[in-house]
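The values are calculated or read from the model by the stated rules, or taken from the named source; none is laboratory data. All values reported here derive from a predicted model rather than from experimental measurement. For neighbour counting, all protein chains shown are included, and Cβ atoms are generated from backbone atoms with ideal geometry for every residue, glycine included.
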Amino acid sequence: MTRPVTVDFELTDTGHDPRDAFRVDFTGRATINRKDWTVNGAGGLVGEKVTVQFAIAAIRRP
């Protein structure tokens, strides 16, 4: 099942990596209701609302 989710990203770092390629880092998060995706088998250990976190790095090729 697929559904659209809006994720707000924040730029956390820019610079050159050890190979001297330019790199940017982002973090993002979104809170979803797992039941919207029919994920029910958590056995009461996970609430309906779940926060998904992302750490993204983009490297520009020379």
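Annotations for the structure displayed:
- Only one entry of 25, 36, 13 meets the criterion of being surrounded by 11 or more Cβ atoms within 10 Å (Cβ to Cβ), assigned to a strand (DSSP E or B) and acidic (Asp, Glu), and that entry is 25.
- Restricting region 39-59 to residues that are exposed (fewer than 11 other Cβ atoms within 10 Å of the Cβ) and in a strand (DSSP E or B), the residue that is nearest to the chain's Cα centre (by Cα): 53
- Looking only at region 9-33, and only at residues there that are farther than 17 Å from residue 58 by Cβ and within 15 Å of the chain's Cα centre (by Cα), the one that is modelled with the lowest pLDDT: 32
- All positions within region 1-10 that are β-branched (Val, Ile, Thr), touching a residue at least 24 places away in the same chain (Cβ under 8 Å) and exposed (fewer than 10 other Cβ atoms within 10 Å of the Cβ): 6
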